[in-house]
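The values are calculated or read from the model by the stated rules, or taken from the named source; none is laboratory data. Just so you know, these numbers come straight off a predicted model, no measurement behind them. All Cβ positions, glycine included, derive from the backbone under ideal geometry; neighbour counts span all protein chains shown. Heavy atoms of the whole protein, side chains included, go into the accessibility calculation; ligands, DNA and RNA do not. Shrake-Rupley method; radii C 1.70, N 1.55, O 1.52, S 1.80 Å.
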There are 2 protein chains.
Amino acid sequence: MQSRTPAARPGRPRSATADAAILAATREALVELGWSKLTLQDVATRAGVAKTTLYRRWAGKNELVVDAVAELFDELRLPDAGSLAADIEGVVLQFAALLDRPECRSGLMAVVAESTRDEPLRERIRASVVERQKRLVVEGRARAQARGELPPESDPEETARTIDLTFDMVAGAVVHRTLVSGKPADGPWIRSFIRVLLLGLSAPA
Amino acid sequence: MQSRTPAARPGRPRSATADAAILAATREALVELGWSKLTLQDVATRAGVAKTTLYRRWAGKNELVVDAVAELFDELRLPDAGSLAADIEGVVLQFAALLDRPECRSGLMAVVAESTRDEPLRERIRASVVERQKRLVVEGRARAQARGELPPESDPEETARTIDLTFDMVAGAVVHRTLVSGKPADGPWIRSFIRVLLLGLSAPA
DNA sequence: AGCTTTCGCTACGACCCGTAGCGTAATGGC
DNA sequence: GCCATTACGCTACGGGTCGTAGCGAAAGCT
């Protein structure tokens, strides 16, 4: 994602091993210390590299944590469970498991908070974390429409709005349940959530 | 909320004026600096008090910011607009306006992130911010059931679960839309959100 | 008055930040 | 193989914040 110049430059290339060690050390420090007490000094020591190496690759703590957390979201997959409700349940279970990991809990919300006053950081989060999640919504929605479980749409703008709305409702509810209410997004909760999402609050129990 | 001892202690009482000045200065610093660059040094100077006074009243930055932000949530009211959809729209509009204020954006998410590794802080947020919002859901739900817009429930445990779910879905969606997706929770968005919330995604357009 | 608590002020050691400079290691171009 | 170029480890630095301690003065309660 850095650019289209994989190795066009002369000179000694950057160590990919160091990159992986630094990101792993960052997650380790997030687990033990949390975001606010995490220092680049400490991360460098854990990773076995010099502090200056960190500053050569990342602008600061925020960018480093975004990259470290973003790797976790690579694991998200959309299972084909046969029905829309089952597909959503599968994805949300994975998402809830991610939010259960301490390196994700403390890191993700912190950088989102920072991104409210840092537009480049917001864009970095959008590209490496949010977009990866939203793609699952797009695929799941396409499948459901093909199965006739969701009403089709013709207007592309209306479709984009519906996808955005669905994404904000699903991700927002799970995040709020987990991090604000502080209760687990487990199977029973997810199923009642999906019922409301698909049928609405007005539907009888 | 501190205890049942309003002025039972002898000696010089704490200055209520200083309290208000400190909380206002905290919000001002949040707007100008954001959470991560906010220092208690700076807040004390803005408020015209000594730094040591801050440490006598608050354990640290997190607790101070929670109290400063919590005051903003006092403004939330549940208007009686005649229908459930209109009531929700009124509340969500207020909530979106709150999240539009920079002192709220940067402060609220940051302390929520911190609360993932600080149980007392989580409880402080729950009591002074979350509970205040949830009460709006409880009232709105009661009104809607009285009007016959929502199915009644007999099991009190089931009722509590439904209220929690509704709260997480509403607050989560608005927060995610505003802070993660970075788009405004304006009138059109709110109305399409309410449609899905009440009728579900399966409902035809 | 006398007691108690708060307040402003100063000072302190500890820590982290972000950068600079140096010598050395590793690679690509010739 | 040689050289230019870049990455790396290391050390050191000024500047800033943290959280605490100690002091004398101020302000309220009884």
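Could you pull out the residue among B:161, B:132, B:141, B:105 that is part of a helix (DSSP H, G or I), of a type in the set (Lys, Arg) and touching an Asp or Glu at 6+ places or on another chain (Cβ under 8 Å)?
B:132
Which residues, counting only those in region A:40-59, are open to solvent by less than 60 Å² (accessible area, probe 1.4 Å), touching a Leu at 6+ places or on another chain (Cβ under 9 Å) and within 10 Å of DNA strand C (Cβ to nearest atom)? It would help to see each step written out before you state the result.
Going through region A:40-59, the residues open to solvent by less than 60 Å² (accessible area, probe 1.4 Å) turn out to be A:40, A:42-44, A:47, A:49-50, A:53-54, A:57-58.
The next check asks that each one be touching a Leu at 6+ places or on another chain (Cβ under 9 Å); those that pass are A:40, A:42-44, A:47, A:54, A:57-58.
Scanning region A:40-59 gives A:40, A:42, A:43, A:44, A:54, A:58.
Tell me which residues, restricted to region B:8-44, are more than 19 Å from residue B:60 (Cβ to Cβ) and hydroxyl-bearing (Ser, Thr, Tyr).
B:15, B:17
Residues of region A:8-39 being away from DNA strand D (no atom under 11 Å from the Cβ), more than 14 Å from every other protein chain (Cβ to nearest Cβ) and open to solvent by less than 40 Å² (accessible area, probe 1.4 Å), which ones?
Residues satisfying the conditions are A:23, A:25, A:26.
Sort out which residues of region B:38-81 are assigned to a loop (DSSP other than H, G, I, E, B) and of a type outside the set (Gly, Ala, Ser), and write them in order of number.
B:38, B:39, B:49, B:58, B:76, B:77, B:78, B:79, B:80
When region A:194-205 is examined, which residues are found to be facing another protein chain (nearest Cβ under 7 Å) and in contact (Cβ under 8 Å) with a residue 12 or more places away in the chain?
The answer is A:197, A:198.
Could you go through region A:25-37 and let me know if any residue there is aromatic (Phe, Trp, Tyr) and more than 10 Å from DNA strand C (Cβ to nearest atom).
First pass over region A:25-37, keeping only residues aromatic (Phe, Trp, Tyr): A:35.
So of that shortlist, the ones also more than 10 Å from DNA strand C (Cβ to nearest atom) come out as A:35.
Yes.
How about region B:91-115: which of its residues are modelled with pLDDT of 95 or more, polar (S, T, N, Q) and open to solvent by less than 50 Å² (accessible area, probe 1.4 Å)?
B:115
Restricting region A:179-193 to residues that are farther than 27 Å from residue B:186 by Cβ and in contact (Cβ under 8 Å) with a residue 12 or more places away in the chain, which is nearest to the other protein chains (Cβ to nearest Cβ)?
A:189
Condition test on residue B:100, is it away from chain A (no Cβ under 12 Å), closer than 30 Å to residue B:200 by Cα and away from DNA strand D (no atom under 16 Å from the Cβ)?
no
Sort out which residues of region A:77-90 are open to solvent by 20 Å² or more (accessible area, probe 1.4 Å) and farther than 17 Å from residue A:188 by Cβ, and write them in order of number.
A:77, A:78, A:79, A:80, A:81, A:82, A:83
Filter region B:94-109 down to the residues that are over 20 Å from residue B:63 (Cα atoms) and under 9 Å from the mean Cα position of the chain (by Cα) and list them by number.
Answer for region B:94-109, where residues must be over 20 Å from residue B:63 (Cα atoms) and under 9 Å from the mean Cα position of the chain (by Cα): just B:95.
Looking only at region A:164-173, which residues are more than 7 Å from chain B (Cβ to nearest Cβ) and either at pLDDT below 95 or buried (at least 24 other Cβ atoms within 10 Å of the Cβ) (or both)? Walk me through how you get there before you give the answer.
The initial filter retains those residues of region A:164-173 that are more than 7 Å from chain B (Cβ to nearest Cβ), namely A:167, A:170.
Correct list: A:170 only.
Return yes when residue A:161 is within 10 Å of chain B (Cβ to nearest Cβ), under 19 Å from residue B:200 (Cβ atoms) and open to solvent by 20 Å² or more (accessible area, probe 1.4 Å) and no when it is not.
On the way: within 10 Å of chain B (Cβ to nearest Cβ): yes; under 19 Å from residue B:200 (Cβ atoms): yes; open to solvent by 20 Å² or more (accessible area, probe 1.4 Å): yes.
Here the answer is yes, as residue A:161 does meet what is asked.
Being within 6 Å of DNA strand D (Cβ to nearest atom) and among the β-branched types (Val, Ile, Thr) is the filter; apply it to region A:40-58 and report the residue that is farthest from residue A:68 (Cα to Cα).
Across region A:40-58, the extreme among qualifying residues is A:52.
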